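All of the numbers you see were taken from the coordinates with simple rules; none came from a lab. Everything numeric here is computed off the predicted structure, so don't read it as measured data. Neighbour counts are summed over all protein chains in view; Cβ atoms, including those assigned to glycine, are modelled from backbone coordinates with ideal geometry.
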Amino acid sequence: MEKVIEIKNGIIRQQNTTILSGLQFSVGPQDFVYLIGRTGSGKSTLLKAIYGELPLSEGTGTVAGFDLLQLKKKDVPMLRRKIGIVFQDFQLLTDRTVMDNLLFVLGATGWSDKTLMQKRAMAVLQLVGIEKKANTMPHALSGGEQQRISIARALLNKPALILADEPTGNLDPETSEDIMHLLIAVAKEEGSAVLMATHDMNMVNKFPGRVVRVEEGVLVER
């Protein structure tokens, strides 16, 4: 089966500085992969290259069927339809309800049929067990609930890949475990691969997956 991510001999530069080099990295369908490493080691740089925020400077790379070297600005929204992103700080729109947050994303990624949009939004809310909060404003939710909404949002377009950037970073240990159980379960349900950047070694040890470390500008598989 085709890999969801495949990077060979990859180099990523930012403002003429090489951040990561010699990248040999692949993620298969439904893999669960941790990306670990110190702050500033280049974890976020790799994630940004995967979702089209930063170019792959050299080498070859494909993500969800898109060629990173050939990626044009106009292709980035299409790439991001194949990727769900879960952020540490949730990044929900605070001026609208949970349902309207999800409908906004669907509209921005090319959906137009209002009935289908409502149906899909409710389906992902049910998947993360929070459908009763559909008409709630984000500020009225706990951190754990907001992260569930963030995961629901990431699932809207049935992504081949979920990128989770420190998804438990702002949560207490018990809530973090709940979110990890949820992330693993919904990824399996939806058939998505997961690449999760984290500092939280407790989670890495508790929930088995492949572990890749960013160390001195290269990736090392543990």
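General remarks:
- Counting other Cβ atoms within 10 Å as a rough exposure proxy, the listed residues Ser57, Ser26, Ser112 run Ser112, Ser26, Ser57 from fewest neighbours to most.
- Residues Met201 and Thr60, FRET efficiency given R0 of 35 Å [Cβ-Cβ distance, rounded to 0.05]: 0.65
- Residue exposure proxy: Met196, Met203, Met137, ordered by other Cβ atoms within 10 angstrom of their Cβ from fewest to most, comes out as Met137, Met203, Met196.
- Amide H contacts of Ile19 (H built 1.01 Å from N, under 5 Å, at least 5 apart or other chain): Ile12, Arg13, Gln14
- Here's how it looks for Val194: its modeled amide H is under 5 Å from those of Asp31, Phe32, Val33, Ile162, which are all 5 or more places away or on a different chain.
- For mean projected area of the Cα convex hull in nm², the value calculated from this model appears in (i) 12.1; (ii) 14.6; (iii) 14.0 under label (i).
- Listed residue (Leu156, Thr45, Ser112) projecting farthest to the positive dipole end of the chain, Cβ model: Ser112
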